[in-house]
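To start, the structure itself, in structure tokens.
The values are calculated or read from the model by the stated rules, or taken from the named source; none is laboratory data. Predicted, not measured: the structure shown is a model, and the values here were computed from it. Cβ coordinates were reconstructed from backbone atoms using ideal geometry, including for glycine residues, and neighbour counts include every protein chain displayed. These accessible areas exclude ligands, DNA and RNA; they are computed on the full protein's heavy atoms, side chains included. Shrake-Rupley method; radii C 1.70, N 1.55, O 1.52, S 1.80 Å.
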Amino acid sequence: MTTKQTRVAFVTGASRGIGRAIATRLAKPTTEGGQGRHVVLVSRSEAPLNDLKAEIEAGGGAASVRACDVSDAKSLADAVESVVEEFGRLDILVNNAGITRDNLVMRMSDEEWDETIDTNLKSAFVAIRAAARAMMKQRFGRICNIASTSGVVGNAGQANYAASKAGLIGLSKSIARELGGKNITCNIVAPGFIQTDMTADLPPQVIDHVKAAMAVRNLGTPDDIAAAVAYVTSDDAGYLTGQTICVDGGMTMC
Ligand code: NAI
């Protein structure tokens, strides 16, 4: 049941993979016995979001759906503002939607660069700007941006993606400094290699190579990322801000 006190969480890219796991986790009651959040599920198409909403509700949680393209600044800002209007609050923002458009830099087109930056980085700025007023007013906010270890250590063939993820880290640290005095935190969770559709097409030799580079010798799961996001967005994490938490099985130890 959603009451006036229920914390409201806005999760982009919630239709599948890591975003779906984050939304599902945030909707569950917390391990300390706190109430689950009302989770606003955001992605481009409505059908998979409606399925997830039904699943969350069947488990006793609460969810709403906002279909929007996060690279369309107006439609994303409208979605955030409609949530503040409907619930009178917005407590948690998770900027998770992301794409890859991999290419070697000499072959990379302007479109591959722009689409990646707009979807992965500009969207986070737009959503944070739209959410900040409500968070400042209520003197509470937990922002979590999903970056990547590629944004920390770089990756050949991913200059656009790595730049967008490194940009998220700079954005998050600046927001942490700008809004910290209002009890608004902003942290980064940087996954390594996680088993999702995004990594499903990697050849087996690449997967073997990646596993060998990890201290724990295995790929992660979306739930591994959701657990970190649940902590940084919890009420308990008020003294943690501007941090990059690399959830990567010890691949980078960054
Ligand atoms: P995915 O491709 O399985 O899911 C991406 C989600 O974002 C989907 O819900 C998709 O509909 C949504 N999305 C993409 N473009 C959108 C747009 N323009 N508007 C609205 N929604 C959009 O990806 P996955 O693996 O779940 O990744 C989630 C996040 O984690 C991404 O930011 C990704 O860069 C990051 N990440 C993933 C890693 C992995 O190994 N899977 C590693 C490091 C970071």
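When you scan region 125-144, do you find a residue that is within 15 Å of the ligand (Cβ to nearest atom) and assigned to a strand (DSSP E or B), even just one?
yes
Could you grab the pairs with beta carbons closer than 8 Å, sequence gap of 6+ or different chains, first residue in region 50-79 and open to solvent by 50 Å² or more (accessible area, probe 1.4 Å), second one outside any helix (DSSP H, G or I) and away from the ligand (no atom under 14 Å from the Cβ)?
Listed pairs, sorted by first residue: LYS53/ALA63; LYS53/SER64; GLU57/ALA63; GLY59/LYS28; GLY60/GLY36.
Restricting attention to region 148-159, which residues are in a helix (DSSP H, G or I) and buried (at least 21 other Cβ atoms within 10 Å of the Cβ)? Show your work before the answer.
The first filter runs over region 148-159 and keeps only residues in a helix (DSSP H, G or I), leaving 150-153, 159.
Answer for region 148-159, where residues must be in a helix (DSSP H, G or I) and buried (at least 21 other Cβ atoms within 10 Å of the Cβ): SER150, GLY151.
Identify the residue in region 206-224 that is over 13 Å from ASP248 (Cα atoms) and not aliphatic (A, V, I, L, M) and, among all such residues, is surrounded by the fewest Cβ atoms within 10 Å (Cβ to Cβ). Before you say what the answer is, go through the steps one by one.
First, the residues of region 206-224 that are over 13 Å from ASP248 (Cα atoms): 206-209.
Checking which are not aliphatic (A, V, I, L, M) leaves us with 208-209.
On the way: ASP208: 9, HIS209: 11.
In this case the residue turns out to be ASP208.
When you scan region 28-44, how many residues do you find that are surrounded by fewer than 24 Cβ atoms within 10 Å (Cβ to Cβ), under 20 Å from VAL229 (Cα atoms) and within 16 Å of the ligand (Cβ to nearest atom)?
0
Given (1) more than 16 Å from the chain's Cα centre (by Cα); (2) closer than 15 Å to LEU26 by Cα, identify the lone condition not met by VAL40.
(1)
Could you tell me whether region 195-205 includes any residue that is surrounded by 12 or more Cβ atoms within 10 Å (Cβ to Cβ), in a helix (DSSP H, G or I) and within 13 Å of the ligand (Cβ to nearest atom)?
To start, the set of residues in region 195-205 that are surrounded by 12 or more Cβ atoms within 10 Å (Cβ to Cβ) comprises 195-196, 198-199, 202.
Retained after the next criterion (residues that are in a helix (DSSP H, G or I)): none.
Taking every residue of region 195-205 in turn, none turns out to be surrounded by 12 or more Cβ atoms within 10 Å (Cβ to Cβ), in a helix (DSSP H, G or I) and within 13 Å of the ligand (Cβ to nearest atom).
Determine, yes or no, whether ARG107 is at pLDDT 95 or above, surrounded by 16 or more Cβ atoms within 10 Å (Cβ to Cβ), away from the ligand (no atom under 12 Å from the Cβ) and of a type in the set (Lys, Arg).
Here the answer is no, as ARG107 does not meet what is asked.
Looking only at region 68-93, count every residue that is within 16 Å of the ligand (Cβ to nearest atom) and in contact with a Ser or Thr (Cβ under 7 Å, 6 or more places away or on another chain) and tell me the total. Step through it out loud before you land on a result.
Going residue by residue through region 68-93, those that are within 16 Å of the ligand (Cβ to nearest atom) are 68-80, 82-83, 93.
The next check asks that each one be in contact with a Ser or Thr (Cβ under 7 Å, 6 or more places away or on another chain); those that pass are 68-71, 76.
Of the residues in that region, 5 qualify.
Residue check: is ALA47 within 25 Å of GLN195 (Cβ to Cβ) and either more than 14 Å from the ligand (Cβ to nearest atom) or in contact with a Leu (Cβ under 6 Å, 6 or more places away or on another chain) (or both)? Reasoning before the result, please.
Values: within 25 Å of GLN195 (Cβ to Cβ): yes; either more than 14 Å from the ligand (Cβ to nearest atom) or in contact with a Leu (Cβ under 6 Å, 6 or more places away or on another chain) (or both): no.
Taking the combined requirement at face value, the residue does not satisfy it.
In this structure, does ALA162 turn out to be within 12 Å of the ligand (Cβ to nearest atom), within 21 Å of PHE125 (Cβ to Cβ) and open to solvent by 10 Å² or more (accessible area, probe 1.4 Å)? Show your work before the answer.
Values: within 12 Å of the ligand (Cβ to nearest atom): yes; within 21 Å of PHE125 (Cβ to Cβ): yes; open to solvent by 10 Å² or more (accessible area, probe 1.4 Å): yes.
Judged against the criteria, ALA162 is a match.
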